[in-house]
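For reference, the structure discussed in these notes is given below.
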Amino acid sequence: MTKVLIIEDDNIFGDMLSLYLTEEQYEVTRVPSAGEGLRALQEFAPNVVLLDLMLPDTEGINACAMLRGFTTIPIIVISAETKVSERILSLSEGADDYLCKPFSMQELKARIEAVLRRTNMQSAVIAPPAAPNADEWTLVLDMARRLLICNGNEIETTFSEFEIIKLLYHNPGKVFSREELINAIRGIDSYINERAIDVHITNLRKKIEQNPKEPQYIKTVWGVGYKYIKK
């Protein structure tokens, strides 16, 4: 059964979410603060998190960024804040989707199912065919654990970062426009813009490139988008 963690301090709204999702055959836990949410990540082990940004213990703190520091599972922000700047910030800080209150429960379910489809675990580990030399740069995608293994070092990524590098890695040399990357990680109905894609690419370069300012593997194709160079 799919497990959903709701981090929401509004009791009425939180109970409404819990009741609806329970009736839709999800296993649900709701907590009213970010601190309790972090504990629930360990104890409840959810498949997806629904996160309200306005929490009693996160004043002046980006709750999404804080949560993302502890988990790579999908985070859907549910917020009354409708400013574009807040949406962009949340997506840049690791959110995988953003819903503005009020929203329909049917749309929420569709968004949950969409992010879960993109987190289907696969048992295969995709690796270069030949054993590399000690001084050779290597990148392996561990699909089961959703990890990058760069030069033997395990590197955790956000959900969106992993989806981007997975698409680029499996299509070496192919140029993907920002719009194609947006559609690949969000779906055409979810909110994200090209700036958020650029932020994810920057973060990926910091994690796998020897010199992120002069990338050798995730290349910018000016005026178009990005491609992955397999060496």
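Details
- Anisotropy class assigned to the stretch 138-231 is oblate, per the alpha carbon gyration tensor with a/c at or over the 1.5 cut-off and a/b no larger than b/c.
- Oblate is the label for the stretch 1-72. Its Cα gyration tensor axes, ordered a ≥ b ≥ c, give a/c of at least 1.5 and b/c at or above a/b.
- Per-pair calculated FRET efficiency, R0 = 41 Å: Ala45 and Ser104 via Cβ, rounded to 0.05: 0.90
- 0 to 90° range, to nearest 10: angle between helix 105-117 axis and the chain longest Cα axis: 30 degrees
- Relative to one another, the C-alpha centroids of the stretch 1-25 and the stretch 78-106 are positioned 17 Å apart.
- Structure note, pairs Lys3/Lys101; Lys3/Lys230; Lys3/Lys166; Lys101/Lys166: Cα-Cα distances above 29 angstrom occur for Lys3/Lys230; Lys101/Lys166.
- Take the Cβ atoms of His170 and Phe13, set R0 to 45 Å, and the FRET efficiency comes out at 0.65.
- Nearest-ten-degree value, helix 34-43 long axis tilted from longest Cα axis of the chain: 70 degrees
- An oblate overall shape is assigned to the stretch 63-121, the ratio a/c of its alpha-carbon gyration tensor axes (a ≥ b ≥ c) being 1.5 or greater and a/b not exceeding b/c.
- From least to most packed, judged by other beta carbons within 10 angstrom and beginning with the fewest, Ser160, Ser92, Ser33 follow the order Ser33, Ser92, Ser160.
- Likely footprinting exposure, Tyr226, Tyr169, fewest C-beta neighbours within 10 Å first: Tyr169, Tyr226
- Based on C-alpha pairs under 8 angstrom that are at least 6 apart in sequence, the chain has a relative contact order of 14 percent.
Read the figures in this text as sums done on the coordinates, not as results from a lab. Worth saying up front: this structure is predicted, and the values here are computed from it rather than measured. Cβ coordinates were reconstructed from backbone atoms using ideal geometry, including for glycine residues, and neighbour counts include every protein chain displayed.
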